[in-house]
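Please read the structure below before turning to the comments.
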Amino acid sequence: MTPESAAADWGAHSPVLLSHRENAVYAVERGGQRAALRLHRPGYMSRRAISSELWWMQSLVSQGFPCPAPVPLPDGSLVRKVGDRMATMVTWVEGTAIGEGGAPLPGTLADQSKLMTQIGGLMAQMHSLSDGMVLPEGFERPAWDMDGFLSHHPTWGRFWENPCLTDRDRALVNEGRIIARHALSRDVPDIGLIHADLLRENVFTGPQGLTFIDFDDAGIGYRLYDITTTLTQSLEDPELPDLAQALLRGYDDVRRLSDLDLSLMPVASLLRSMAALGWVMSRYPANHPKMPIYIARATRSVEALQQGRNFFLEGFG
């Protein structure tokens, strides 16, 4: 399947590559308007899972939530499959990402805090709207719960087997698995539909305000995972406690957070850091410059938990 042939199935043309991460995403022209064509990574998500993702996005859009909406094919279906490759199309979002990993958020601390408060409120709205939905029969999305992170076959792979881990790193990561399992077995935080990848690249700002994009990893899991994933790229920032408080303030204004939720934030953050070690195994070579960053985030998170430190209040150190 070529981007040209896939675009033509929707009556679109002139695909221009925008990004190639999990999916290859193209800007296309369709009926005088732009849209986003996605050629999905073979084997990553099933057709049913992709259809379920689009169902959730459409359900959110129908309630006024700012995210892309699926664009149906002429026959009304949402997914085009040729061989092992699947294609989908979603409406265009005007704007740009609020930032990227490895670089500070733009603006002053006041600007950054205002942005985080807005993201927190929008995230809480997404969670609350989702709680009112009745999932269709056959709904299929990844698990971001205890099994999704801590079973013998986690959603993003057996992260403790990352070959770049030293013996010390591996011992810490395995200790992190024990700590997380103990904490989440004792206290179960809020679970439901989550985006699961609300990094800066997936939050757009434009004429319409903020928009969440790229629901490719969306699934059912801990709501705290959305909150702490958004803060992942700020872990090393000295302003982390301020940014965390701003995001939580925005979330709590829409959807109340319990003391339990707040106490488990470092655990939820550790889940992201450990899962990422599995994600990079099949995507980055061993000498990739980001590999040490992923490993350091995971091991430092474990050390903080061993010391009883809540780095969202005290800083990552």
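Here are the numbers for this structure:
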| read-out | value |
| --- | --- |
| Segments 49-57, 289-297, 23-31 sorted - mean Cβ within 10 Å per residue, highest first | 49-57, 23-31, 289-297 |
| By accessible area with a 1.4 Å probe, ligands and nucleic acids excluded, highest first: order of Thr232, Thr117 | Thr117, Thr232 |
| Fraction of accessible area attributable to carbon and sulfur, segment 63-150 (%, probe 1.4 Å) | 54 percent |
| Inverse mean reciprocal Cα-Cα distance (Kirkwood Rh) of segment 106-242, Å | 17.0 Å |
| Share of carbon and sulfur in the accessible heavy-atom surface of segment 224-275 [1.4 Å probe, %] | 47 percent |
| Acute angle (nearest 10 degrees) that the helix 47-62 long axis makes with the longest principal axis of the chain, alpha-carbon atoms | 90 degrees |
| Alpha-carbon centroids, segment 37-87 and segment 186-244: separation in whole Å | 21 Å |
| Rounded to whole Hz, the Karplus (6.51, -1.76, 1.60) HN-Hα couplings of segment 4-9, x for glycine and proline | 5, 5, 5, 4, 4, 4 |
| Degrees separating the helix 167-186 axis from the principal Cα axis of the chain, which is the longest one | 80 degrees |
| Accessible surface, per residue, of segment 1-137 when the full set of protein chains is kept, probe 1.4 Å, Å² | 48 Å² |
| Computed [θ] at 222 nm, helices only, for the chain once each DSSP H run of length n ≥ 4 contributes -39500 (n - 2.57) | -13500 deg cm²/dmol |
| Whole-number D in µm²/s for the chain (Stokes-Einstein; Kirkwood sum over Cα pairs; 20 °C, 1.002 mPa s) | 105 µm²/s |
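The values are calculated or read from the model by the stated rules, or taken from the named source; none is laboratory data. In this text, all values refer to a predicted model and were calculated from it rather than measured experimentally. Positions of Cβ are backbone-derived with ideal geometry, glycine not excepted, and every protein chain shown enters the neighbour counts. Areas reflect the complete protein model, heavy atoms only, side chains present, ligands, DNA and RNA absent. Shrake-Rupley method; radii C 1.70, N 1.55, O 1.52, S 1.80 Å.
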